[in-house]
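Let me begin by presenting the structure, written as structure tokens, before commenting on it.
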Amino acid sequence: MRPIRTIAAVTATVLALTGLSACGGEDPASTGSSAGDRVKIKLGLSAINASHLWVAVARDQKLFDQFDIDFEPVVFQGGAAQVLPSVLGDSTQFGIASAQQTMIAYQKEPSLVMVLNPMNGSPLSVVGGKGITSVNDLKGRTISVNSAGSSEDYHSATAFLEANGIGLDEVKFVTGGATSARVSALISGAVDVVLCSPPDVDRLTATGATVIGKANSVPKLQKAASYVIVGKRSWLDANQDAATRFAKGYRATQEFMHDPANKDKVTAVISKELKVDQAAAGKVWDYWINDFTKDADRSGAIHEENLVQTLENAQEDKNKDLTGFNAAELPKLYDNQYAQASAGK
């Protein structure tokens with residue numbers, strides 16, 4: 001069995017952004033390790049899918065071992081809304097969240113800090129089920145996203161709709177959880193629209209679904225920060241050596257994935273994790289590694305212009321949770337020291 005922990009839903013007060021402070025203290029959640037000691041680091045995320053492929057590769061290829069880290073992904077069945085509370089509550093040391101979600105949470109919990117930026121832009125396609133073949137057909141439909149109101153596919157969907165002249169009051173968003181569950185819901189007809197990437201796009205079109213468009217066709221999404229890796233400042237301050245080694249493991253994983261010599265190993269992970277054959281895994285590798293993330297910063301360094309774009313997008317979309325957020329606050333939200341140190345041996 002693969003070493004992934006799956007945590008069931010926690011209490012609603014912990015999950016709600018308005019209640020984040022209930023689980024965030026300022027006591028350092030020290031790993032109890034000294035510099036150089038082997039340490040377990042847990043990374044919370046909503047699902048291990050193509051967007052988070054590096055997590056599966058790091059785990060299966062044991063790429064953090066060389067930095068004396070026991071790397072443990074923790075998958076939350078309840079979706080993206082559980083990730084940041086787990087970091088604040090010291091259940092995990094890091095979490096993968098959308099940049100918008102993190103900005104919103106930061107206003108209530110300034111102990112949160114972005115440390116790495118795995119992805120900018122949106123890799124997602126908007127896929128419609130039976131009878132949905134054009135943008136106009138999206139009106140009045142139910143769109144399933146990982147976490148309505150906070151997940152990255154939700155933000156991509158709202159930008160795509162706005163760019164195509166469709167108001168948010170003309171559709172219905174529902175929380176569908178993991179990608180596999182949302183894909184199954186579309187196939188069954190329980191929902192009308194999902195946003196996904198290869199290989200799920202191919203799975204859906206094989207059942208008669210239609211690709212309506214690509215989220216990254218919207219200019220304002222192309223340079224926006226999408227996913228970030230977030231820690232809690234008190235833990236980072238108390239465990240700087242461990243955090244730096246985590247960043248080194250992340251960088252080593254990105255270098256491994258993008259080395260053509262490792263394509264067979266990476267596609268083997270894709271095949272196992274995403275449950276596709278080797279041919280389909282090769283297509284996923286071509287899209288994610290040789291196309292979408294080809295020129296990405298391997299260190300995961302956070303570039304402020306990407307955060308600015310994300311904030312501007314949210315404010316243009318009249319996101320009530322970010323309308324009053326000042327861009328001058330953005331430098332307080334991230335710390336690039338770990339990405340910068342990841343180049344060291």
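The values are calculated or read from the model by the stated rules, or taken from the named source; none is laboratory data. All values reported here derive from a predicted model rather than from experimental measurement. Here the Cβ is made from the backbone with ideal geometry for all residues, glycine too, and neighbour counts use every protein chain on show. Heads up: the accessible areas ignore ligands, DNA and RNA and are worked out on the full protein's heavy atoms, side chains in. Shrake-Rupley method; radii C 1.70, N 1.55, O 1.52, S 1.80 Å.
Using only Cα atoms, figure out Rg for region 35-86 and give it as a multiple of 2.2 N^0.38 Å.
Here the Cα radius of gyration is 1.22 times the empirical estimate.
Provide the descending list of Cα extents for the chain along its principal axes, expressed in whole angstroms.
Extents along the principal axes, in whole Å: 60, 48, 36.
Quote to one decimal, in nm, the extra length available between ASP202 and ASN290 on full extension: 0.36 nm per residue of separation minus the C-alpha distance between them. Walk me through the numbers on the way to the answer.
Numbers: separation 88, 0.36 × 88 = 31.68 nm, distance 1.79 nm.
Full-extension gain reported as 29.9 nm.
For the chain, what is the charge dipole size about the Cα centre, in debye to the nearest 20, if Lys and Arg each add +1 at the Cβ and Asp and Glu each add -1 at the Cβ? Working shown, then result.
Details: 33 positive and 38 negative charges, 131 e Å.
Using Cβ point charges on Lys, Arg, Asp and Glu, the chain gives about 640 debye.
Starting from 0.36 nm per residue, how many nanometres of slack lie between LYS320 and VAL211 once their C-alpha separation is accounted for? Could the numbers behind the result be given before it?
On the way: separation 109, 0.36 × 109 = 39.24 nm, distance 3.00 nm.
Here the segment from LYS320 to VAL211 would lengthen by 36.2 nm.
I need the helices of the chain that pass two filters: whole DSSP H segments spanning 24 Å or more by Cα along the axis, and mean Kyte-Doolittle score no lower than -1.0. Don't skip to the answer; put the middle values down first.
Values: long enough: 240-257 (26 Å, -0.85).
Within the chain the helices that satisfy the rule are 240-257.
Please list the three semi-axes, largest first and in whole Å, of the ellipsoid equivalent to region 119-246, using sqrt of 5 times the eigenvalues of its alpha carbon gyration tensor. Write down the numbers at each step before the final one.
On the way: eigenvalues 191, 52, 36 Å².
Square roots of five times the eigenvalues give 31, 16, 13 Å.
Could you report the chain's accessible area per residue, 1.4 Å probe, as an integer in Å²? Can you show the working numbers first?
Details: 13980 Å² over 345 residues.
Here the per-residue accessible area is 41 Å².
For the chain, what is the mean residue ellipticity at 222 nm derived from helices alone (per DSSP H run of n ≥ 4: -39500 (n - 2.57); sum divided by total residues; nearest 500 deg cm²/dmol)? All intermediate terms of the calculation are to be shown ahead of the outcome.
Numbers: 14 runs with 122 residues, N = 345.
Helices in the chain give a 222 nm mean residue ellipticity of -10000 deg cm²/dmol.
For region 261-345, please report how many Lys pairs fall under 29 Å Cα to Cα, leaving out neighbours fewer than 8 apart on the same chain.
Taking region 261-345 as the scope, the lysine pair count is 19.
Carbon and sulfur: what percent of the chain's accessible surface (1.4 Å probe)?
On the way: 6760 of 13980 Å².
Carbon and sulfur atoms account for 48 percent of the accessible area of the chain.
Would you work out which of SER234, GLN337, GLN315 lies farthest towards the positive end of the dipole of region 221-345, given +1 charges on the beta-carbon of Lys and Arg and -1 on that of Asp and Glu, about the Cα centre?
Checking the options against the dipole of region 221-345, the answer is SER234.
Over the chain, what is the relative contact order in percent, taking alpha-carbon pairs closer than 8 angstrom and at least six residues apart? The partial results should precede the final answer.
Values: 667 pairs, mean separation 81.5, N = 345.
24 percent.
If I stretch the segment between ASP60 and GLN278 completely, what's the gain in nm (0.36 nm per residue apart, minus their alpha carbon distance), one decimal?
Working: separation 218, 0.36 × 218 = 78.48 nm, distance 1.69 nm.
Length difference between fully extended and current span is 76.8 nm.
With a Förster radius of 22 Å, plug the Cβ-Cβ distance of GLU329 and HIS303 into 1/(1 + (r/R0)^6) and report the FRET value to the nearest 0.05.
According to the calculation, E is roughly 0.85.
Normalised by the residues of region 134-204, what does the relative contact order come to in percent, with Cα pairs under 8 Å and at least six apart? Before the final figure, lay out each step's value.
Values: 88 pairs, mean separation 29.0, N = 71.
Over region 134-204, the number comes to 41 percent.
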